Amino acid sequence: MKTEIIAAAPIQYFPLAQLYVSDMNPRQDADPEGIDLLADSLAMIGLIQNLSGTVDADGRVGIVAGGRRLRAIARAVERDPTVTKRHPELASVPVRIAADEATARAWASAENAAREDLAPADEIRAYGRMKDAGADVSTIARSFGKTEAHVYRRLALAALPAPVLDALKAGQISLGMAKAFTVSQDEALTLQVLAEVKGRDLSEHQIKRALQPDAISGTDRRALFVGLDAYTAAGGRMNRDLFSDTTALHDADLLDRLFIEKLKEEAAKVGEVWKWADVSTDSYIPYGTTEKMDRVYRVEGELTEAQSERYDELAELANGDVLDEAGKAELAELVAILDGDYTDTQRAVAGVFVYVGSDGRLCVTNPLVSPYDRDEAIETQVLTGHAATRLSADSVEDAP
């Protein structure tokens, strides 16, 4: 069996224009965004690893290992030609030259197979050390050829207690599990939960629940209604999960107080035009609450002859989907006239329930007449027909 001998290879320097990506290079395609990020890194710290290649018959150098670096060098120089003054190796590029084709092919295969990124725990700690040394996020991102968003997330992990990163490094927890620990604000609880989850395959949600057993989601209807700004202005504690774009609130009693106060304020505004406005802290009004009440309906309006003709014109245009914004506004005004409104007489005997729906928005029921106001509503002809034949509150109480 013939054994191929791979000869030692010297490093030589070549002008950037003399280099190209060889067909032997297994990485023929490259993500443009990744090349841009690597170009940022090269512009920041220069080339710290030489390229490898072979000289062709025309004296040009085909790069068999380092194709991404070659593309990034070209991008960095294209963006800022002065970068070669700070980093001369980007103009006169160091290349280890293979003595023969066998060596070149071996290099191409070896680098591709042996290529390995930093382990997550090592990368996280590297970012943390740079930050502690005074580097900002932008500098760290350019140095490592990563996006700033990626660096922000890694720095959130760098703030975790050392035992969590040690467990990540040792493979006792996954990267996803480590991310879940960033929601904790209690180091003692963090270490307690860490001891319980090491070596177990748990979801991020399970770990977050263990770390924040009493937390309230930022999407809770009370939080949506009150608003996070108002909650924090009142001294409420919360933290945002950088990895899942969620928020957790940690002062349930404060949130409840703010929720009820705002709900009562809104109900008071609504109650200014109705006889009563009752508040419910539930997300809906049960049927049993209103089954003995009668609904009050708007008094429909009438259009003038000219308005009716205009309404027909606008409605036809709307059906043809050719109505402009001014026309839509005019049509809405005419529809509002037809829909009518509640009269002062109706408002004097009817009321509404005010509550907050599951989506955090204020809700107001249709106006209702309670059994206690039914006699007055009948007398003023707010209730007529079948509604007027129902028993009043006093009659209900006196019935056998």
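The values are calculated or read from the model by the stated rules, or taken from the named source; none is laboratory data. Just so you know, these numbers come straight off a predicted model, no measurement behind them. All Cβ positions, even for glycine, are placed from backbone atoms using ideal geometry, and neighbour counts span all protein chains on display.
Worth a mention:
- Among the residues of the stretch 266-311, those that are out of contact with any helix residue (DSSP H, G or I) (no Cβ under 7 Å at 6 or more places or on another chain), in a helix (DSSP H, G or I) and among the polar types (S, T, N, Q) comprise 289, 290, 308.
- Residue 34 vs. criteria at pLDDT below 80 and not assigned by TED's automatic domain parsing to the domain that holds residue 148: yes
- Qualifying residue in the stretch 302-322 (condition: under 39 Å from the mean Cα position of the chain (by Cα), charged (D, E, K, R) and not assigned by TED's automatic domain parsing to the domain that holds residue 370): yes
- Of the residues making up the stretch 52-70, those that are under 18 Å from residue 26 (Cα atoms) and either in contact with a Lys or Arg (Cβ under 7 Å, 6 or more places away or on another chain) or of a type in the set (Gly, Ala, Ser) (or both) number 7.
- Hits in the stretch 211-225 - residues which are at pLDDT below 90 and of a type in the set (Gly, Ala, Ser): 215, 217
Results for (1) surrounded by 17 or more Cβ atoms within 10 Å (Cβ to Cβ); (2) closer than 30 Å to residue 55 by Cβ, shown as yes or no for each residue.
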| position | (1), (2) |
| --- | --- |
| 105 | yes, yes |
| 135 | no, no |
| 140 | yes, no |
| 155 | yes, no |
| 161 | no, no |
| 178 | yes, no |
| 185 | no, no |
| 190 | yes, no |
| 198 | no, no |
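- The stretch 71-97, residues that are closer than 22 Å to residue 29 by Cβ, loosely packed, with under 15 Cβ neighbours inside 10 Å and touching a residue at least 12 places away in the same chain (Cβ under 8 Å): 79
- Considering (1) over 30 Å from residue 142 (Cβ atoms); (2) surrounded by 16 or more Cβ atoms within 10 Å (Cβ to Cβ), the lone condition that residue 10 does not fulfil carries the number (2).
- Selection status of residue 243, under 29 Å from residue 277 (Cα atoms) and touching a residue at least 40 places away in the same chain (Cβ under 8 Å): no
- The stretch 126-152 residues that are not assigned by TED's automatic domain parsing to the domain that holds residue 33, paired with ones that are part of a loop (DSSP other than H, G, I, E, B) (beta carbon under 8 Å, 6 or more apart): 126/118; 128/159; 140/146; 141/147; 143/135; 152/242
- If you go through the stretch 69-108 and keep only what is among the β-branched types (Val, Ile, Thr) and either more than 11 Å from residue 46 (Cβ to Cβ) or in contact with a Phe, Trp or Tyr (Cβ under 7 Å, 6 or more places away or on another chain) (or both), you end up with 77, 82, 93, 95, 97, 103.
- Filter result for the condition that a residue is surrounded by 13 or more Cβ atoms within 10 Å (Cβ to Cβ) and closer than 14 Å to residue 96 by Cα, over 46, 62: 62
- Hits in the stretch 267-289 - residues which are surrounded by 14 or more Cβ atoms within 10 Å (Cβ to Cβ) and either farther than 10 Å from residue 355 by Cβ or free of Cβ contacts under 8 Å to residues at least 24 places away in the same chain (or both): 270, 271, 274, 275, 276, 277, 289
- Filtering the stretch 138-178 to residues that are among the hydroxyl-bearing types (Ser, Thr, Tyr) and not in a helix (DSSP H, G or I) leaves 147, 174.
- Looking across the stretch 227-236, the residues that are surrounded by fewer than 17 Cβ atoms within 10 Å (Cβ to Cβ) and touching a residue at least 24 places away in the same chain (Cβ under 8 Å) come down to 230, 234.
- Identity of the residue in the stretch 221-250, in a loop (DSSP other than H, G, I, E, B) and in contact with a helix residue (DSSP H, G or I) (Cβ under 8 Å, 6 or more places away or on another chain), that ends up farthest from residue 153 (Cα to Cα): 234
- The one condition in (1) in the same structural domain as residue 280 (by TED's automatic domain parsing); (2) farther than 30 Å from residue 228 by Cα; (3) without any contact (Cβ under 8 Å) to a residue 40 or more places away in the chain; (4) of a type outside the set (Ser, Thr, Tyr) that residue 373 fails to fulfil: (3)
- Criterion violated by residue 376 - all others in (1) within 53 Å of the chain's Cα centre (by Cα); (2) modelled with pLDDT of 90 or more satisfied: (1)
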